[in-house]
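A short reminder: the numbers here are calculations on the coordinates, not readings from a lab. Everything numeric here is computed off the predicted structure, so don't read it as measured data. Note: ideal-geometry Cβ built from the backbone for every residue, glycine included; neighbour counts use all protein chains shown.
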Amino acid sequence: MSQTADFLLEIGVEELPSTYAPPAAEALEKGIGEELADLRLTHKGLRSYATPRRLAVHVQGLMLRQPDVDEEALGPSVKAAYDSDGKPTQALLGFARGKGIDLTAVRRVKNEKGEYVAATVRVKGKDARDVLPGLIERRVAALPFPKSMRWSREAPAFRFARPVRWVVALLDGDVVSARVAGLAAGRETRGHRFLAPAAIAIERPDRYAALLEGAHVVPDAARRLETLWAAARAAARAGGGVLVEDHELAEINNFLVEKPVAALGRFDASFLDLPREVIVTAMREHQRYFAVEGSDGRLRPCFVAILNGNAKNLAGIVRGNERVLQARLDDARFYWDADLRKSPGDRVEDLAGITWLEGRGSMLDKARRVEALAGWLASRWDPSAEAAARRAALLMKTDLLGEMIGSGKEFASLEGLMGSYYAQRHGEAAATVAAIREHVLPRYADDPLPQSPAGAILSAADRIDSVAGYFLAGKIPSGSEDPYGVRRAANGVVRLALEQKRSLDLAQATERALAGYGGAAPAEVSAALGDFWRGRVELALGDRGVAYDEAATVLDADLGYRDPLDALARASALAAHRREASFQTLVIGYKRVANILRAEKDAPANAAGATWSHPAEKNLAEALTGARKKADAAYERRDYPAVLDVLLGMREAIDAFFTDILINDPKDPSGRLRRLGLLSEVRALFARGYDLSKIVVEG
């Protein structure tokens with residue numbers, strides 16, 4: 001008789017949103033795998049399936065029974081287990097009876113709480129059929145969804161993304177007795193909603209995928225995606241072009257259908273004089289169509305739609321899709337023509353009618369603040385780009401006043417891009433046009449950065465102004481909550497600085513941004529902004545492979561987070577030096593300096609005017625003078641390997657000082673402050689760029 005079997009779980013639902021199914025299937029597979037491990041039920045492999053109407057997991061070679069195991073059972077304390085005569089008490093007898101053991105199997109053990117009785121208990125394994133029902137109910141109920149609902153009268157507390165319509169749970173050929181959402185598990189699944197709607201009995205889990213494919217459902221998401229790509233590309237070729245490949249769109253379509261079929265549709269070629277992005281967006285955002293382009297890279301007047309396996313009445317379906325797209329392109333044409341009637345420059349004053357943030361002025365106020373900040377930033381990054389950046393700052397939000405962006409959500413993703421088209425049509429300089437187009441970049445973590453100098457300046461200025469304004473308005477990110485995208489904006493600034501190697505004093509830039517709102521910012525706001533920027537730089541350093549203690553070492557130094565590019569350079573030099581054995585000794589010595597000064601609250605900041613009474617004091621003071629001169633020059637040219645070489649050169653003098661000197665020498669009590677002042681100067685030399693007390697020393 002086989003000791004293993006295949007297990008299948010399928011949850012049949014009303015159509016899930018396209019973004020819900022992939023993470024839910026992954027969570028179901030992971031959760032079942034982890035729980036099987038906890039239950040000591042090994043298997044040969046798991047495989048998940050996901051379509052809009054089902055989530056499923058197939059477990060191959062699952063053990064039919066848990067193995068027996070020996071477990072340590074802790075009983076009552078020795079004092080409670082035995083009476084004054086050393087005889088077993090009822091507490092001990094009850095423990096032995098409950099565990100099914102003889103008193104001779106009991107032994108004494110000690111732990112942090114005292115002495116107890118214990119025994120090794122043999123726990124018999126359970127049959128898989130007995131533990132799987134509970135596993136099924138727990139794992140399905142635990143599936144994460146952005147939104148879920150209650151709908152079942154039989155299980156009013158149960159929540160799921162969409163109503164559950166059937167449940168399949170099989171262990172080889174047998175149904176597992178489980179209930180989900182008030183439904184008893186069985187062996188009947190459903191095929192394609194329209195092409196094979198009748199119930200289909202599954203005999204065994206290993207026949208699941210093939211059975212569904214015969215019912216016009218491709219349950220494997222990866223294979224379904226391959227089918228989708230092949231069909232879409234073939235349809236594009238039939239239209240005389242090639243598919244404009246959009247992997248995100250393909251993934252969306254993949255979880256809107258159970259059997260992908262591609263259909264080619266067409267639209268009037270007169271629409272091709274609209275900007276390419278407008279046409280593609282009109283196809284993509286609501287209709288989920290792919291665009292088609294020719295060998296010259298220009299769009300062709302056709303599109304590819306992905307249908308849910310229904311090739312019947314294809315011509316009628318295509319005509320319907322064409323009519324819908326025609327209406328959307330007609331709207332786009334109207335918006336485009338209307339927006340071109342007024343130049344961006346003529347719209348600037350109208351920005352006064354749009355509130356940027358309640359209590360923090362209009363969009364016109366923001367444009368003027370960003371214009372000033374962009375001028376300041378241009379003087380540091382690229383003075384030749386100042387005029388374009390300033391002009392673009394005034395125009396960058398004027399497309400919000402137009403029909404294309406302002407009419408609704410469909411074309412909202414084209415903000416900035418449409419503004420650049422309008423600016424170009426009305427004769428603005430090419431650098432200004434590029435900056436308007438790029439000021440929205442980067443929109444997310446992997447988004448491209450602006451490539452033009454004015455675009456980079458404007459992107460950073462806009463984001464720094466926004467971060468300052470949100471903090472002034474109390475819109476400070478907390479935990480996972482960040483509805484205004486403040487972290488995203490700040491991350492974009494740090495990315496610009498690091499990836500384009502642009503030096504930027506974040507604290508100084510933030511001070512100028514705060515000043516743009518009028519009046520001095522409250523001290524607590526400035527402090528919170530400092531902590532916030534430090535956290536963003538720390539995150540960016542970690543993403544670039546900087547160890548956590550190395551990041552703390554540079555960010556907690558006097559130079560700190562202010563210039564992300566400088567912080568990265570200091571961290572990179574530190575990572576190279578810390579591999580040297582002598583560096584570990586230096587760190588230990590510096591930690592001793594820092595610890596002493598932390599404990600001595602009255603330590604002076606320096607040892608000015610001191611007369612050295614001990615050779616080790618004089619030696620350290622002379623080493624400090626020479627090191628300070630060399631370090632100043634190295635800091636000036638940002639040569640941080642040289643800075644660390646200078647600090648490393650202090651190691652012997654510091655070691656000798658601690659070997660030969662007592663800070664609180666009873667024979668020289670008057671020298672205590674002199675010695676502490678000397679150590680304060682040593683700490684100041686190091687702390688300019690590195691707080692080595694943050695380095696974790698092995699052992």
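The table below lists the values:
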read-out	value
Sites residue 379 and residue 341, calculated FRET efficiency, Cβ-Cβ separation with R0 25 Å, nearest 0.05	0.10
Debye log10 I(q)/I(0) for the range 93-172, one point scatterer per Cα, at q = 0.19, 0.23 Å⁻¹	-0.89, -1.15
Extension reserve of the residue 18-residue 648 stretch, reckoned as 0.36 nm per residue once the Cα distance is removed	221.0 nm
Mean projected area (nm²) of the alpha-carbon convex hull when the range 90-236 is viewed from all directions	16.6 nm²
Modelled label reach - residue 266, point 7 Å along Cα→Cβ, the range 231-245 residues with backbone N closer than 11 Å	239-240
The range 52-107 versus the range 599-678: alpha-carbon centroid distance in Å	63 Å
32 Å Cα-Cα threshold exceeded, pairs from 501/694; 601/667; 44/110	44/110
Pair-distance profile P(r), taking every C-alpha pair of the range 30-112, with 5 angstrom steps and integer %	3, 11, 17, 12, 9, 8, 8, 9, 8, 7, 5, 3, 1, 1, 0
Cα gyration tensor category, rounded, prolate or oblate, for the chain with a/c compared to 1.5	oblate
Kirkwood estimate for the range 27-171, i.e. one over the average of 1/r between Cα atoms, Å	19.1 Å
Candidates per GluC sites (Glu not before Pro) in the range 266-368, loop by DSSP, up to 14 other Cβ within 10 Å	358
Kyte-Doolittle at least 0.0, axis length at least 24 Å by Cα - qualifying DSSP helices, the chain	221-238, 453-472, 523-543, 581-599
Centre separation in Å (Cα based) which lies between the range 165-210 and the range 268-282	46 Å
Within the range 515-668: Cβ-based charge dipole about Cα centre, in debye rounded to nearest 20 (Lys, Arg +1; Asp, Glu -1)	220 debye
Rounded, prolate or oblate (a/c below 1.5 giving rounded, otherwise prolate when a/b exceeds b/c) for the range 158-311 by Cα gyration tensor	prolate
Diffusion coefficient, µm² s⁻¹, Stokes-Einstein with Kirkwood Rh over alpha-carbon pairs of the range 307-430 at 4 °C and 1.567 mPa s	77 µm²/s
Summed side-chain charge close to residue 437 - residues other than residue 437 whose Cβ falls under 15 Å, Lys, Arg +1, Asp, Glu -1	-2
Gyration tensor (alpha-carbon) shape descriptor, the range 526-569, a/c threshold 1.5	prolate
CD proxy at 222 nm, helix term only [per DSSP H run n ≥ 4: -39500 (n - 2.57); per residue of the chain; nearest 500]	-15000 deg cm²/dmol
